[in-house]
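First comes the structure, then the notes that go with it.
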Amino acid sequence: MEMEGRDAGDNMKKETAFKKVQRWSGTVTQNICKAGRDDPRSVIHALKVGFSLTLVSMLYLLEPLFGGIGENAIWAVMTVVVVLEFTAGATLRKGFNRGLGTLCAGSLVFGLEFVADKSGRIPRAIFIGIAVFLTGFAATYMRFFPNIKRNYDYGIVIFLLTFNLIAVSSFRVHNVLEIAHDRFYTIAIGCGVCLLMSLLVFPNWSGLELHNSTVSKLEGLAESIEACVDNYFKDSEITEDEKSSDEEDLICRGYKLILDSKTVDETLALHASWEPKHSCYKSPWKQYVRVGAALRHFGYTLVALHGCLQSEIQAPRSVRDLFKSPCTRVAREISKTFKELADSIRNKRHLAPILVSDDLHEALLDLNNAIKSQPRLFLGGSKNHHNDASQMLALAAATANARQNPDTNSSFVSDSSALPEWKRKRAADLYKDAERKVFRTTLNGLEFSEALPFAAFASLLVEMAARLDMVTEQVEELGRLSKFKEYKADGVEIVVSNGENRTVKKNRKLGTNMGSNEAK
């Protein structure tokens, strides 16, 4: 019986371990498939890397090729591993830096070998040591220059590595120049394979990535603004537990994508500047970075607006309902503008003239008039205002007096210095309790406006409308520098001249007030 029980226990443990392994493998497989579905380019890039490594490995595996290049063929494999990046611009930058660093190091070692070859063994060692020190100092100091660090930092690292390896090896190995030649050839072969794979086989352009990410950030902001305002004016019957977490994720995803994009935008812009002209547009990549900076400046306000939804002090539902329509309209107009900006960049055309309409201005005026129509909500009642102020001042004075003369405000503290220590501690604790009661009474005596939390929300909404101009100006500048095509609507072309004189053809669908507006 005991043996059967042990066997049954062992079988249960094995089944439990098997289920855990099966569940873990299922989770891993699901995550792998999800990553491939989310971005199929990652699968293509992995296949390109695998094929490139197989191709350069033939230099080492095939006898005829190995006999011509030798053991230095392994440097081609190392070059593919290091140089082949996800985007073409990153690959071009790294390949150029690696090739330039290797070439400069080999040329310098060749000159060093020519000079040191005529000296004795000890002077040769001293000469190599001095050359290594001076080269390391100069190259490392150059890495602190901003322009060199941004574009050629990797090349300087390769230069230092190659120079030191060859220069120091030349003291012990006599055919070091031949080794340097073979190493340079193999690195050139590896860089060539990487460039062919990056530029010709399903290329991923950094410029296109930056372009699409800018469009995604604009559209994400538009969705976040609408979701944030709609969530603020939801019905009171909906409790916090019933609120979907998808709404919070939608709001946070919009501004988190922007606030965390500074380094990514700058890196993509740098790599895009290395790419060849792959379309009919020559985009100024630095302007995309400026657009991202303007979006981050706008995103800070959206973060504060989202904070109003999570504030401990909330405006009553009756107050919110009074201003629901104008606030929703302002948010809708801001969101519509962001969608138009995203559509303009996506299609590489100038902004539609609808942006210069008065819709947003009218929405802000409606919100302003709605707030002015309810002055008592923000200023409080006039009858009890002076009494409340008098009570507040009296209680504040009582609190200050209690702090200055604690012995007169507590009946538990005695003037006798012979009281036991525990009575002193007891009196001090009771004094603190009395002070807290006075402070709570002071807060209860203050009648803050019920609309004060909403005033903060409305103020941030107006601030968003004001900061919208900064984003619009940067997008317009991007269109001007990139030479976007002109906006067309219903077969009517809006012509923009190069000078200050700008002409707009009237479009009936834009309304009668649009005839006097100028396209930008």
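Some values worked out for this structure:
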| read-out | value |
| --- | --- |
| Candidates Leu134, Leu108, filtered to the one that is in contact with a Ser or Thr (Cβ under 8 Å, 6 or more places away or on another chain), in the same structural domain as Asn72 (by the TED database), modelled with pLDDT of 85 or more and over 25 Å from Tyr60 (Cα atoms) | Leu108 |
| Residue check for Lys282: in contact with a strand residue (DSSP E or B) (Cβ under 8 Å, 6 or more places away or on another chain), modelled with pLDDT under 90 and closer than 30 Å to Leu196 by Cβ | no |
| Meets criteria (in contact with a Cys (Cβ under 6 Å, 6 or more places away or on another chain) and either more than 20 Å from Val83 (Cβ to Cβ) or part of a helix (DSSP H, G or I) (or both)) for Phe110 | no |
| Failed item in (1) open to solvent by 90 Å² or more (accessible area, probe 1.4 Å); (2) at pLDDT below 90, with Ser169 passing the rest | (1) |
| Residues located in region 284-332, provided they are open to solvent by less than 20 Å² (accessible area, probe 1.4 Å), farther than 19 Å from Pro453 by Cα and in contact with a Leu (Cβ under 8 Å, 6 or more places away or on another chain) | Gln287, Tyr288, Val291, Leu295, Phe298, Gly299 |
| Residue, most open to solvent (accessible area, probe 1.4 Å), within region 128-141, restricted to residues that are touching a helix residue (DSSP H, G or I) at 6+ places or on another chain (Cβ under 7 Å) and over 20 Å from Gly95 (Cα atoms) | Val132 |
| Some residue of region 173-188 being within 14 Å of Leu53 (Cα to Cα), among the small types (Gly, Ala, Ser) and either under 38 Å from the mean Cα position of the chain (by Cα) or open to solvent by 50 Å² or more (accessible area, probe 1.4 Å) (or both) | no |
| Failed item in (1) assigned to a loop (DSSP other than H, G, I, E, B); (2) closer than 21 Å to Cys228 by Cα, with Leu341 passing the rest | (1) |
| Number of positions in region 300-323 that are within 27 Å of Arg253 (Cβ to Cβ), in a helix (DSSP H, G or I) and without any contact (Cβ under 8 Å) to a residue 60 or more places away in the chain | 3 |
| Positions within region 94-119 being open to solvent by less than 40 Å² (accessible area, probe 1.4 Å) and either without any contact (Cβ under 8 Å) to a residue 12 or more places away in the chain or of a type in the set (D, E, K, R) (or both), in sequence order | Arg98, Gly111, Glu113 |
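The values are calculated or read from the model by the stated rules, or taken from the named source; none is laboratory data. Remember, it's a predicted structure, so these values are computed and weren't measured experimentally. When we count neighbours, we look across all protein chains shown, and the Cβ atoms used for this are built from the backbone with ideal geometry, even at glycine. Quick note on the areas: whole protein, heavy atoms, side chains included, nothing else; ligands and nucleic acids left out. Shrake-Rupley method; radii C 1.70, N 1.55, O 1.52, S 1.80 Å.
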